[in-house]
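Asks: This is the structure, below, for whatever I ask next.
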Amino acid sequence: MTVDTFAVEAQTDVDDTPDVVVESAADSALTSTSAADADTDAPAADPAPVVAEEKPKRAPAKKAAPKKTKTLELTLTVTGTADGEWKAELKQGNSYIAKNLLVAAAAVSRAAKELHEDLSGPIDEVIDAAREQQAAKVAALEAELEAARKALAELDE
């Protein structure tokens, strides 16, 4: 007994099976009528095979961009001096809306407390230091005034 052996072929991705052809009912009717027409002397045209068409895939819907809120930027600058004088400036961009407005220290303190606790502490410390400095200045002026009154009283005698 003889056995024929064949060499092993490498496996490929290509299928040996033919592509599937899908015919619609209308195409089947055309094929049967063209076979009937083949008996006549007119040459029949071979209908082209119909391959099922895939519908194009839709792109995934894009999410709408988040709505950007328009921001308004104002810069409020409050400046205090050691004498207890407070001024405020308000800017929008590079232009001043209000400049060099005199503001009471108590109003600055109240506004800072309304805005945020972290703002009110340092501002109140600055205001307290200015208050102490002004109290010392008043005491010095009162002592000077008392000395001036004594000097005037001695001149009158």
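The values are calculated or read from the model by the stated rules, or taken from the named source; none is laboratory data. For clarity, every value in this text was computed on a predicted model and none was experimentally measured. Ideal geometry is used to build each Cβ from the backbone, glycine not excepted, and the neighbour counts take in all protein chains shown.
Asks: Out of (1) out of contact with any strand residue (DSSP E or B) (no Cβ under 8 Å at 6 or more places or on another chain); (2) at pLDDT 90 or above, what's the single condition that is false for Ala65?
Replies: Looking at each condition in turn, Ala65 falls short on (2).
Asks: Take residues that are of a type in the set (A, V, I, L, M, F, W, C) and exposed (fewer than 10 other Cβ atoms within 10 Å of the Cβ) and tell me which of the strands (runs of 3 or more DSSP E) falling wholly in the range 53-157 contain 1 or more. Talk me through it step by step, then tell me what you get.
Replies: Details: elements: 75-80, 86-92, 95-103.
It comes to 95-103.
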